[in-house]
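The values are calculated or read from the model by the stated rules, or taken from the named source; none is laboratory data. These figures come from a predicted structure and were not determined experimentally. Please note: Cβ atoms are built from the backbone with ideal geometry, for glycine as well, and neighbour counts cover all protein chains shown.
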Amino acid sequence: MRTTVPASETESTTAAHLEQARRRARGLFGAEVAHDRPYELVHAATAGRDAVVVVLMLWAVLAGIGAMEHAFAGLLAAAMAAAVHTGISNALAVYAQLRYWEAELVRERNEIRSQPEHEREELRTLYQAKGFSGELLEMVVNTIFNDEERLLKVMLEEELGIFFEQRNHPIVTGLFTGITALASGVLVALAAGSGEPVATVVTTAIVLAILCLVRHGLAVRAGIESFARWAILAGFVAGIAFLLGRFFVGLAA
């Protein structure tokens, strides 16, 4: 004997499934940058910014412990190491994202083929939420459902929030972000190697300002706001690093 599932229960189950899928997607893309700017450019600017902060903190520590005689060599090594770490981590992140997209593509295609009525109900729920109803709703659902590739694209975008934008190869992304981090860190290291604190601070500020502007698509206001936050944070952390260096040197004396 076939049991009929109430419509309200079916809709509730479908809505819950959609929400679960969206949460899964948000978990992956929660830290994703805005889609109105090139992915690699934004992440390269972020990598450069992080490298600048790392080199600045190390410079403050060396100043605090009184080990400035080898500061340039140490800062240069730190800039290179940070660039390698940044490049590899970004390459792995892009690779993981591509693997995730591939897995979700296969999973959604299998669901469409093995559970067509369930997918049809999900699609109907999605477009009901957009304001469609009655015959128009059924027309939209049937039109989309009659083409598997179109249905697959709609479900990935509407259900999971996955938009298949162009992504460079993980190695290309890793090289791009790594080189940006290296260039940014080396500039600060060169300034610190001059032995002039003012030169180090000014160079750090200029590099940070450029990176913040690039990260925000040359939007001046957003770039200035971002620069202000990061300049204050970098200065605060460098000050803490310097004081800790002095403290531990005094403790060891």
task: Go through the range 134-163 and give me each residue that's surrounded by 11 or more Cβ atoms within 10 Å (Cβ to Cβ), more than 28 Å from the chain's Cα centre (by Cα) and not in a helix (DSSP H, G or I).
output: ASP147
field: Lone unmet requirement of (1) of a type outside the set (A, V, I, L, M, F, W, C); (2) exposed (fewer than 15 other Cβ atoms within 10 Å of the Cβ); (3) without any contact (Cβ under 8 Å) to a residue 60 or more places away in the chain for GLY195
entry: (3)
message: Out of the residues in the range 196-252 meeting the condition of being under 20 Å from the mean Cα position of the chain (by Cα) and not in a helix (DSSP H, G or I), tell me which one is farthest from ALA44 (Cα to Cα).
response: ALA219
Residues that are touching a residue at least 40 places away in the same chain (Cβ under 8 Å), in a helix (DSSP H, G or I) and surrounded by fewer than 21 Cβ atoms within 10 Å (Cβ to Cβ), drawn from the range 65-77: ILE65, MET68, ALA71, PHE72, LEU76
query: Within the set of pairs 6+ apart or on separate chains, which have a first residue in the range 94-118 that is over 12 Å from MET155 (Cα atoms), a second that is surrounded by 13 or more Cβ atoms within 10 Å (Cβ to Cβ) and of a type outside the set (A, V, I, L, M, F, W, C), and C-beta atoms under 6 Å apart?
result: VAL94/PRO170; VAL94/THR173; TYR95/PRO170
- request: Would you confirm whether any residue within the range 48-56 is surrounded by fewer than 24 Cβ atoms within 10 Å (Cβ to Cβ), of a type in the set (Asp, Glu) and modelled with pLDDT under 90?
  value: no
message: Conditions first: (1) closer than 30 Å to GLY64 by Cβ; (2) touching a residue at least 24 places away in the same chain (Cβ under 8 Å); (3) aliphatic (A, V, I, L, M). LEU152 passes all but one, so which condition is the exception?
response: (1)
- line: With the first residue restricted to the range 205-231 and required to be without any contact (Cβ under 8 Å) to a residue 60 or more places away in the chain, and the second required to be assigned to a helix (DSSP H, G or I) and of a type in the set (Lys, Arg), Cβ contacts under 7 Å at 6 or more apart or on different chains are SER226/ARG215
